[in-house]
Structures are given as structure tokens and as C-alpha cells.
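The values are calculated or read from the model by the stated rules, or taken from the named source; none is laboratory data. What you are looking at is a predicted structure, and each value in this text was computed from that prediction instead of being measured. Positions of Cβ are generated from backbone atoms using ideal geometry, with glycine treated the same way; all protein chains shown enter the neighbour counts.
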Amino acid sequence: MQLTTCTPDSEIQLVRPSTRNTPTCLGTHQSLHWFKDAVTGPGSLTSYAYANDDGAGRDARMCIWYNTGNDTTGALSRSKKIANTASKLLGTDLYHYHSKIMMKDARDGGRFVWHQDYGYWYSFGYLFPDMLTVFMALDPCGRENGCLQVIRGSHRCGRIDHSVVGDQKVADLERVAQLEKRLETLHVELKAGDAIFFHSNLLHSSSSNTSEQRRWAIASAYNSVHNVPDKDEMVGKQCRGPIQQLDNEAVVKTGVNRDLSGKEVKVKRGAMFEFETFFPA
Ligand SMILES: O=C(O)CCC(=O)C(=O)O
């Protein structure tokens, strides 16, 4: 993968799979094929997906886990290319907050309303917005299948008030409308394997997917090591100390590995969420 230019306050940065392997790339277009199989194939984390009501009659499915673990997804989120870039953008050492697979299905995939990730994370007790997300396309993401949209520069507005719509948080839409008049709204069209890094206060959304093309993506969220939540119950669960970074070759070396040992996965049982920790067999 190749990085585009990066400035300390950039809110968005694109990485793209290389057409040939280089010492610094995470993988090639060929490895993307098995990577996708590792992440989404039988026995993968996607079997823990639950529905997220989008407040407009559709579900956006997703699965989410804490702890990187040692499987293919863990190698990705610990790889220098991803974790060190996130660290440089945040300007601090960081820990892995969580990773998730966003499963926007064909024909009936739910939308994500305008929000800042910090709109969620603020309410979970994180005192600083020193957090960011890396969002990597597993399928091509275009306008027709509900690609990410971002309001460029909105991360500089600070935290906006959020309310609840379905299972989602939505930023104050009057404020969003004002910002849309002054700032550019970008449709982030990605090829499979492209990734963007964006700040936790960047306003983003995505439309529902009524096309025939599935739009799945994997996203990892990182947090500055100093940003320990003020809620005791969160500290042990979600705040695990500096990430142990791996060389970029680790993703290819790990190959197709769906061993969930060490991962803590959010599971929905009835109406309740629980966390299931996987130990070595
Ligand atoms: O998958 C998407 O389209 C949006 C995901 C998102 O907004 C989020 O995870 O915060």
C-alpha cells in the first residue's frame, strides 16, 4: 500500500494496495483476495454480526471486538503501516480501542446518519477526542452502494451534540446543514483494499445500499495512551496499554488465520449485549 501525503492536522488520508510487493506494503491485489476470505469467510468474526437499526427501516449489520488478537485482523490492526500511521496522525503512542466489520449488505443495507465517532465515545467517558479510525474497504465502495461521506475539515468544529436515531447517534442536523454550506462534502469512493484515516470529530455518514453490490469494510479505532476513560468499568475492558506494533510483512505471514484467541467480541443475546472472550483452545 502506498500512502498519500500526510500533514499533522489532516483529517483524511488514503492508502492503496500496491500492484507489486514492496518491503513496506501490507499486501498486493492478490493478497487482498485471501485477506478478504480470512476476514469474511466461514468461521470469521462476521458470524458475530448483529443488526444496527438505522432509524429508517433498515439495518446496518456489524460485528465489533476489543483486543487485537493474533488472527489476520489482529495482524492488520497492529501492522506498522496502519498503527504507526495512526500514531503519527494523533502525535502520541496509542492503544487499539476496537475493530469492527461494517456489513452494508446488497439491496437492503442500512445507512449511517451524520455523526462524529467522538459523539459516541464522549458518552463512554473518553475525555479527549484524541482518537481516530482507519476504515478499509473490503468491497469497492461507491456512491451507488453507500460509500462513506465526510464533511472535510469538520473535525475542527469540536464535538457537536448528538441525539439517538434507531440504534445510532446523530449529530445536530441543523449544525450539520450549516457546516455543509461552508465546507465540502466528499463521497469517499474506495477500491477494495483502500483505507482512509479520519479524526474522531470528523462528521461522516453513508447512505443505505439498494444496489446489487455488497459494501463491507473493516475499521479499527485507536486511542491515545493518555486517554483513559473516566468510567472505571471501561478502564480494564477497553484500555490495554500501548499497541505492540508488527512489521508490515506480518499480515502476509499470518495469512488466513481465524483463530479468535485473545479477542473479546461483542455478542447480542436477545436484547442484551455481552462480551465473549476467546481463550486458546
Ligand atoms: O460503514 C459506514 O458506512 C459508516 C461507519 C461509521 O460511520 C462508523 O463506524 O462510525
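Odds and ends about this structure:
- Every condition in (1) within 16 Å of the ligand (Cβ to nearest atom); (2) in contact with a strand residue (DSSP E or B) (Cβ under 7 Å, 6 or more places away or on another chain) is met by L94 except one, and the failing one is (1).
- The residue list G110, G142, G146, G119 contains one member that is closer than 13 Å to W216 by Cα and in contact with a His (Cβ under 9 Å, 6 or more places away or on another chain), which is G142.
- Within the range 78-136, the set of residues being of a type in the set (S, T, Y) and touching a residue at least 60 places away in the same chain (Cβ under 8 Å) comprises S79, T85, S87, T92, Y95, Y97, S99, Y118, Y126, T133.
- The one condition in (1) part of a loop (DSSP other than H, G, I, E, B); (2) out of contact with any Leu (no Cβ under 7 Å at 6 or more places or on another chain) that Y122 fails to fulfil: (1)
Here's the yes/no breakdown for (1) within 28 Å of R111 (Cβ to Cβ); (2) at pLDDT 95 or above:
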site: V39; (1), (2): yes, no
site: S44; (1), (2): yes, no
site: A49; (1), (2): yes, yes
site: N52; (1), (2): yes, no
site: A56; (1), (2): yes, yes
site: N67; (1), (2): no, no
site: K88; (1), (2): no, no
site: G91; (1), (2): no, no
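- Residue selection: V170 satisfies the criterion of being assigned to a strand (DSSP E or B), in contact with a strand residue (DSSP E or B) (Cβ under 7 Å, 6 or more places away or on another chain) and not aromatic (F, W, Y).
- The single residue among C147, C141 that is at pLDDT 95 or above, crowded, with 23+ Cβ neighbours inside 10 Å and within 11 Å of the ligand (Cβ to nearest atom) turns out to be C141.
- Subset of the range 168-179 [surrounded by 15 or more Cβ atoms within 10 Å (Cβ to Cβ), touching a residue at least 40 places away in the same chain (Cβ under 8 Å) and away from the ligand (no atom under 12 Å from the Cβ)]: V176
This table checks each residue for (1) more than 15 Å from the chain's Cα centre (by Cα); (2) among the small types (G, A, S).
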| site | (1), (2) |
| --- | --- |
| D71 | yes, no |
| G74 | no, yes |
| L90 | yes, no |
| Y95 | no, no |
| K104 | no, no |
| D108 | yes, no |
| R111 | yes, no |
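- The one condition in (1) in contact (Cβ under 8 Å) with a residue 60 or more places away in the chain; (2) outside any loop (DSSP other than H, G, I, E, B); (3) within 13 Å of the ligand (Cβ to nearest atom) that H155 fails to fulfil: (3)
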